[in-house]
Amino acid sequence: MDPQRILTPAETADVLAGTAFTHAGDRLDGAYATADFASAVRVLDAVAVVADELDHHPDVRVGWGAIAFELRSHDAGGVTARDVELATRIQAIADEQGARRRD
């Protein structure tokens, strides 16, 4: 599969089902509630390791008891398989650390 190919919401729906991520236009958005600020930062620390490993980095907002991610492949102009992989890896980290989907 071409790693630069832009994916549609229909193509990402099944793999994102059950995660905090939604496909919104040209990006994936995911937000989590955590116990406190330190917990949100611990999630971010773990995500940073994975992002460096994948050489694909999210935009992140961190606050007290909350962390949100925005994923897009800027070089391709939308959502690619790299974003979907990072989203599923972030979800696994959130699950391991007790972060919950934030609506």
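Return yes when Ser73 is out of contact with any Ser or Thr (no Cβ under 8 Å at 6 or more places or on another chain) and open to solvent by less than 50 Å² (accessible area, probe 1.4 Å) and no when it is not. Show your work before the answer.
Values: out of contact with any Ser or Thr (no Cβ under 8 Å at 6 or more places or on another chain): no; open to solvent by less than 50 Å² (accessible area, probe 1.4 Å): yes.
Considered against the rule, which asks whether it is out of contact with any Ser or Thr (no Cβ under 8 Å at 6 or more places or on another chain) and open to solvent by less than 50 Å² (accessible area, probe 1.4 Å), Ser73 comes out as no.
Could you check how many residues of segment 76-103 are open to solvent by 10 Å² or more (accessible area, probe 1.4 Å), closer than 20 Å to Asp14 by Cβ and not in a helix (DSSP H, G or I)?
Residues that pass the stated criteria total 1.
Consider Tyr32 against the criteria (1) assigned to a strand (DSSP E or B); (2) free of Cβ contacts under 8 Å to residues at least 60 places away in the same chain: it satisfies all of them except one. Which criterion is unmet?
(2)
Going through segment 1-29 one residue at a time, which ones are surrounded by 11 or more Cβ atoms within 10 Å (Cβ to Cβ), part of a helix (DSSP H, G or I) and of a type in the set (Gly, Ala, Ser)?
Within segment 1-29, the first condition is being surrounded by 11 or more Cβ atoms within 10 Å (Cβ to Cβ), and the residues that meet it are 3-7, 9, 11-13, 15-16, 19-24, 26-29.
In the following step, the residues that additionally are part of a helix (DSSP H, G or I) were identified as 9, 11-13, 15-16.
Listed by number, the list holds a single entry, Ala13.
Going by what's in this entry, would Glu53 be described as at pLDDT 95 or above, surrounded by fewer than 17 Cβ atoms within 10 Å (Cβ to Cβ) and not in a strand (DSSP E or B)? Talk me through it step by step, then tell me what you get.
Details: at pLDDT 95 or above: yes; surrounded by fewer than 17 Cβ atoms within 10 Å (Cβ to Cβ): yes; not in a strand (DSSP E or B): yes.
Taking the combined requirement at face value, the residue satisfies it.
Between a residue in segment 2-15 that is within 14 Å of Leu71 (Cβ to Cβ) and any residue that is in a helix (DSSP H, G or I) and β-branched (Val, Ile, Thr), which pairs come within a Cβ distance under 6 Å, given they are 6 or more apart or on different chains?
What qualifies is Thr12/Val84; Val15/Val84.
The values are calculated or read from the model by the stated rules, or taken from the named source; none is laboratory data. What you are looking at is a predicted structure, and each value in this text was computed from that prediction instead of being measured. Positions of Cβ are generated from backbone atoms using ideal geometry, with glycine treated the same way; all protein chains shown enter the neighbour counts. Accessible surface is based on the protein model in full, side chains and every heavy atom, while ligands, DNA and RNA are left aside. Shrake-Rupley method; radii C 1.70, N 1.55, O 1.52, S 1.80 Å.
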